[in-house]
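Quick notes on the structure that follows.
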Amino acid sequence: MPSVKCTCPICGYPDLDEPAYNSSGSPSFDICSCCGIQFGYNDTRWTHDELRDCWIKLGMSWWSSLPKPHGWDPIQQLKAAGLWSPLLPQDQK
């Protein structure tokens with residue numbers, strides 16, 4: 001039976017091995033290969049929206065030392081996960 005992949009709530013990376021949080025709200029403490037967020041650590045001080053905004057503003061770089069997926073496009077990834085919203089004009093400075 002193939003393993004079910006989960007999506008990162010920060011960057012929309014669709015290949016997490018388990019959910020960031022389980023059904024009872026406990027974090028996985030895994031680190032997303034794409035954005036580098038550790039669930040249950042980084043997101044205890046900032047909201048997912050704040051962490052996503054920061055990742056976007058810093059250039060949406062691939063975090064892991066492992067190669068990024070062929071054809072990886074962070075904007076398409078965010079759009080596919082329903083997490084993309086263009087920055088407001090005043091935020092684009």
Within the range 31-62, which residues are farther than 15 Å from Pro9 by Cβ, free of Cβ contacts under 8 Å to residues at least 40 places away in the same chain and not basic (Lys, Arg)? Leu58, Gly59, Ser61, Trp62
Cβ contacts < 7 Å: first residue touching a residue at least 40 places away in the same chain (Cβ under 8 Å), restricted to the range 73-86; second residue polar (S, T, N, Q) and open to solvent by 60 Å² or more (accessible area, probe 1.4 Å), any location; separation 6+ or different chain. Result? Ala81/Thr7
Condition first: of a type in the set (S, T, N, Q) and closer than 18 Å to Trp84 by Cβ. Now tell me which residues in the range 10-67 satisfy that. Thr47, Ser61
Matching residues in the range 1-15 - criterion: being at negative phi and either part of a strand (DSSP E or B) or among the small types (Gly, Ala, Ser) (or both): Ser3, Cys6
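Restricting attention to the range 16-68, which residues are among the polar types (S, T, N, Q) and either touching a helix residue (DSSP H, G or I) at 6+ places or on another chain (Cβ under 7 Å) or not in a loop (DSSP other than H, G, I, E, B) (or both)?
Within the range 16-68, Gln38, Asn42, Thr44 meet the criteria.
The values are calculated or read from the model by the stated rules, or taken from the named source; none is laboratory data. Here the structure is a predicted model, which means the values were calculated and not measured. Heads up, the Cβs are rebuilt from the backbone with ideal geometry, glycines too, and the neighbour counts pull from every protein chain shown. SASA here: full protein model, heavy atoms, side chains in, ligands and nucleic acids out. Shrake-Rupley method; radii C 1.70, N 1.55, O 1.52, S 1.80 Å.
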